[in-house]
Amino acid sequence: MECKKIIFSLGLLFSFLIVNAQLYTYPEDLRTGIPHNDDFTVRVRTKGGEWKETFEYKVQVDMDKVQDASMVQFDMGEPVEVMIKKNNGMIHSVDIRPKAKGIEYKLIENCILFTLDKPQYLSVEFNGDRLHNLHLFANPVQKEVYGQSEKGLMYFGPGTHKPADLPNNQIRIPSNTTVYLAPGAVIEAKLLVDHAENVRIIGRGIIYHGIRGIEITDSKNVYIDGITVLNPDHYSIFGGGSENIIVKNFKSFSCKGWSDGIDVMSCQQLDIENIFMRNSDDCLALYNHRWNWWGGTNHVNVRKAVLWADVAHPINIGGHGNPEAEVGENIENLTFRDIDILEQDEDDYPYQGCMAVVCGDKNMARNILFEDIRIESIQEGMIFNIRVHFNPKYDKAPGRGIDGITFRNITYQGIGENKSVIFGYDNDRKVRNVTFDNIVINGEKVESTKDFLINEFVENVTIKWE
């Protein structure tokens with residue numbers, strides 16, 4: 001479902017401003033309710049123009065030992081030059097990731113300069129330090145800007161916002177509403193979309209330290225664009241029993257247990273594009289029945305994503321289902337395309353896997369495509385974890401099976417990861433029809449499954465090359 005369909009379905013006429021500026025930094029007064037991090041000074045300009053200051057936010061990462069990293073944001077509509085000054089110590093090495101972006105830089109003493117031709121989301125790392133790095137988010141210029149609340153429009157301007165009925169920790173969004181978080185807006189609460197439809201949450205504002213970021217339950221036609229969630233206690237976006245959800249230009253950080261990125265349960269028709277997620281639990285998790293929601297999850301499309309799992313999985317599919325059902329539930333018709341995985345670091349072996357399809361609770365997983373996936377680093381973990389499984393901590397029954405997974409154009413450069421796993425559960429609950437097409441590990445083509453762990457309950461694993 002396209003964004004325009006959601007806009008027109010609202011049945012409301014919003015006046016909006018098309019922004020003509022080609023470079024916009026925010027908040028304009030460089031003051032916000034979020035702490036500043038002085039590790040870096042970051043300035044941007046259009047080519048040959050005047051330098052503009054950015055606000056270097058403090059963001060916290062890695063629940064193993066929480067660290068203070070940095071984040072800056074700006075909007076760009078034409079090529080821009082970026083200057084990053086390291087304020088504490090000299091620069092001995094520089095990594096700008098994802099490496100596939102091919103960003104070239106110039107080093108002058110304790111400062112680097114580079115040019116961005118288009119919006120993109122990057123991690124800039126000095127001297128190999130990935131725990132105190134700079135996350136640089138060059139957003140597209142927002143085309144829809146508001147200045148006040150009106151009928152059908154909830155406006156949050158620059159500054160800190162909390163629920164009017166404290167100590168309540170959420171702000172409820174009714175049907176047929178656009179929520180606009182202006183640049184510099186900070187919301188210290190969860191945005192709740194419950195039993196609602198035709199809701200849009202847009203802008204360049206931040207949801208900060210909420211119990212969750214955005215919660216979408218028993219709802220349909222929800223559109224999220226441009227929002228950042230910083231360090232929630234639980235999920236950044238949670239979907240339960242909902243359909244027709246679009247997420248674009250979304251950024252998320254978390255540093256606590258259970259603080260996943262985007263988790264959905266029993267949802268249909270999800271479209272996720274252009275996201276950056278650094279989480280201390282799963283970045284993306286797709287489940288079936290849990291809590292108050294029943295039924296399968298299907299028709300999910302994820303593309304243009306940068307995923308960084310300080311703990312757990314970048315992509316996790318197949319947990320939680322309905323073991324009491326006569327047959328069980330399906331999770332199916334999923335596509336993950338054009339994704340950079342910057343890191344997986346998971347100590348607990350059963351929860352490893354950059355791409356994990358692990359089915360329990362009578363779930364069946366089928367028709368899943370991973371395509372154009374680039375894995376840059378695995379501290380602890382594995383590339384593929386495909387198994388029909390029974391985990392007594394979460395499951396009441398084994399999964400029913402996995403049938404039809406394709407991995408196409410997958411690359412990884414590294415050493416020390418565990419062997420990938422393909423395990424069925426028994427003769428009635430097998431893994432079937434898995435295709436590996438153009439897999440390259442450390443520059444070598446994968447031409448057999450000799451480096452996989454595979455048990456006897458697996459059928460039809462195919463290795464292909466063009």
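The values are calculated or read from the model by the stated rules, or taken from the named source; none is laboratory data. Quantities reported herein were computed from a predicted structural model and do not represent experimental measurements. Ideal geometry is used to build each Cβ from the backbone, glycine not excepted, and the neighbour counts take in all protein chains shown. Just the protein is used for accessible areas: all its heavy atoms, side chains included, with ligands, DNA and RNA removed. Shrake-Rupley method; radii C 1.70, N 1.55, O 1.52, S 1.80 Å.
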Take the conditions in contact with a Leu (Cβ under 7 Å, 6 or more places away or on another chain) and crowded, with 22+ Cβ neighbours inside 10 Å and apply them to Ile339. Does it pass?
yes
Complete set of residues in the stretch 201-222 that are in contact with a helix residue (DSSP H, G or I) (Cβ under 9 Å, 6 or more places away or on another chain) and either open to solvent by 10 Å² or more (accessible area, probe 1.4 Å) or under 18 Å from Trp291 (Cβ atoms) (or both)
Asn221
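Would you confirm, using the coordinates I've provided, whether Asn391 is at pLDDT 95 or above and either within 23 Å of the chain's Cα centre (by Cα) or surrounded by fewer than 17 Cβ atoms within 10 Å (Cβ to Cβ) (or both)?
no
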Residues that are closer than 18 Å to Ile216 by Cβ, β-branched (Val, Ile, Thr) and touching a Ser or Thr at 6+ places or on another chain (Cβ under 6 Å): which strands (runs of 3 or more DSSP E) entirely in the stretch 145-199 hold 1 or more of them?
190-194
Among the residues of the stretch 435-466, write down those that are among the acidic types (Asp, Glu) and in a loop (DSSP other than H, G, I, E, B).
Glu447, Asp451, Glu456, Glu466
If you take just the strands (runs of 3 or more DSSP E) that sit entirely in the stretch 270-330, which of them hold at least 2 residues that are within 17 Å of Pro232 (Cβ to Cβ) and open to solvent by less than 20 Å² (accessible area, probe 1.4 Å)?
284-287, 297-309
Identify, please: which residue in the stretch 242-269 is surrounded by fewer than 22 Cβ atoms within 10 Å (Cβ to Cβ) and at pLDDT 95 or above and is, among those, nearest to Ala138 (Cα to Cα)?
Lys248
Scanning the stretch 43-98 residue by residue, those over 25 Å from the mean Cα position of the chain (by Cα), among the aliphatic types (A, V, I, L, M) and open to solvent by 30 Å² or more (accessible area, probe 1.4 Å) turn out to be Met83, Met90
